[in-house]
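This report refers to the structure that appears directly beneath it.
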Amino acid sequence: MTAHSLDDIRVVEIGTSIAVPYGCQILGDFGAEVIKVERRGGGDEARRWAPVRDGVSVTFLAFNRNKKSVVVDYKDTRGKKVLENLIASADVLVQNLRPGALAAAGFDWDWLHELNPRLIYVEMTGYGRTGPRHLQPAYDAMLQAYSGVVAMTGSDDGPPARVPLSMMDMSTGMWLALGVFEALRRRERTGEGVHIEVSLLQSALAWVAAPLMGVAAGEPVPERLGSGFRGNVPNGAFPTSDGYIFLSAGNNDTFHRLLDAIEATELVGEPDFEDNLARVKNRRLVNERLGAATSRFTTDELVKRLEVAGVPHSAVHTLDQVLTDPQVQALGQVMAVEHPALRNMTVVNTPITFDGEYLAHRSHAPELGADTGDVLGSLGLATEEIDALIEAGVIQAAREGDRP
């Protein structure tokens, strides 16, 4: 089994939705003990997000494995003391509550650093630490729009479109995890914790770095290209008789091999197709003529022809095809696991192997409050104290068996 570098690290997550949960799941995959602090009355909102199968949110399962769940009402003075003790025991605290909410509850950085000088505190927001929008909430799609991604996405004759994935959330979660690793190395040298700030907008700006730098240098604002790429043509999805195929020809040699493969040699020598700069300038014409040629073949026929010709390509797969694809299956990253409630559960492992092994899937996303008793017991609270807090509604445990 792969050794984990974070086996002795305790992470307290006060996170909801995707960004912070995903980042902390990465830390959990690397061995950290991740304690997810959730609110009473339902916990993380993602627990109720679709799709729900067998009473379980698949979305929640996707971003919360290898964690423990503790339910504490820290607005209550007794619950606040419990959270203080938990943070005092932690190496890392991560949160993405409404900007300023945790500080307003008494947990600002100065106080946290005094409570636990070795604490690494990661604060995630939508728009960043300063500026006219820094107190406003934000979500993935909003930041795709705000940062220019939506304006560049979609076909040139249709409305702009978002990328139908939580790319800003998940990438911010990755930066979160990377920042924690850096902070842990710094702490080894200094013995001191650090305050890390990440935001969806900053991640979004990193995504659009190249086109943004182009506009800053005087280039025109990029137009929508559908599946195309502004740097070279052809590059994108082209129709077949039964679907679409994605292909790319970044130089003249590959382009001529493409023309041979699709039996469009009549295009050889046309001035509008002469080189990549000409093809970029005449993008619509090139795509139209090539599309007319590719549509004469089935997807399977075209895949075989392009493979023989050495032209970079891929069939446009739907997700059910991805699950059964031989290459995907060979990697072993997508794997079936047993779950007590969900039938036919499949997980996608963190995309990295060590000596050929993926990081361990140690536990499923926890039931709400499933670990409250055990975690509070680890802080030194006696069974009677835990029972009293449960009775008072300050904490919530999923089952009697969760108490120490």
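I'm checking my understanding of the structure. Among residues of region 137-189 that are more than 19 Å from the chain's Cα centre (by Cα) and under 30 Å from Leu119 (Cβ atoms), which one is most open to solvent (accessible area, probe 1.4 Å)?
Step by step, filter region 137-189, then rank; the result is Arg189.
Filter region 33-56 down to the residues that are modelled with pLDDT under 95 and either of a type in the set (Val, Ile, Thr) or in a strand (DSSP E or B) (or both), then identify the one that is least open to solvent (accessible area, probe 1.4 Å).
If we take residues in region 33-56 being modelled with pLDDT under 95 and either of a type in the set (Val, Ile, Thr) or in a strand (DSSP E or B) (or both), then Val56 is least open to solvent (accessible area, probe 1.4 Å).
Applying the selection to region 190-207, what residues are outside any helix (DSSP H, G or I) and crowded, with 18+ Cβ neighbours inside 10 Å?
Across region 190-207, the qualifying residues are Gly193, Val194, Ile196, Val198, Ser199.
Looking at (1) assigned to a loop (DSSP other than H, G, I, E, B); (2) at negative phi, which one does Gly373 not meet, given that it meets all the others?
Only one criterion in (1) assigned to a loop (DSSP other than H, G, I, E, B); (2) at negative phi is unmet by Gly373, namely (1).
May I ask you to list the residues in region 227-286 that are over 36 Å from the mean Cα position of the chain (by Cα) and among the basic types (Lys, Arg)?
Passing the criteria: only Arg257.
All but one of (1) open to solvent by 30 Å² or more (accessible area, probe 1.4 Å); (2) among the small types (Gly, Ala, Ser); (3) closer than 21 Å to Lys67 by Cα hold for Gly310, so report the exception by its number.
Going through the list (1) open to solvent by 30 Å² or more (accessible area, probe 1.4 Å); (2) among the small types (Gly, Ala, Ser); (3) closer than 21 Å to Lys67 by Cα, Gly310 breaks only (3).
Would you confirm, using the coordinates I've provided, whether Arg362 is farther than 24 Å from Glu13 by Cβ and among the basic types (Lys, Arg)?
no
Just need a number here: residues in region 103-122 that are open to solvent by 40 Å² or more (accessible area, probe 1.4 Å) and closer than 21 Å to Leu178 by Cβ.
So the answer is 2.
Just to check your reading of the model, which residue among Leu200, Leu143, Leu135 is more than 21 Å from Leu86 (Cβ to Cβ) and free of Cβ contacts under 8 Å to residues at least 60 places away in the same chain?
Answer to the selection: Leu135.
I'd like to verify a number: residues in region 10-19 that are open to solvent by 20 Å² or more (accessible area, probe 1.4 Å) and assigned to a loop (DSSP other than H, G, I, E, B), how many? Before you say what the answer is, go through the steps one by one.
Applying the first criterion (open to solvent by 20 Å² or more (accessible area, probe 1.4 Å)) to region 10-19 yields 10, 16-17.
The next check asks that each one be assigned to a loop (DSSP other than H, G, I, E, B); those that pass are 16-17.
Adding up the residues that qualify gives 2.
The values are calculated or read from the model by the stated rules, or taken from the named source; none is laboratory data. This structure is a prediction, so every number in the text was calculated from the model and none was measured. Cβ sites come from the backbone with ideal geometry, for glycine too, and all protein chains shown count toward neighbours. Remember, those area values only see protein heavy atoms, side chains included, never the ligands or the DNA or RNA. Shrake-Rupley method; radii C 1.70, N 1.55, O 1.52, S 1.80 Å.
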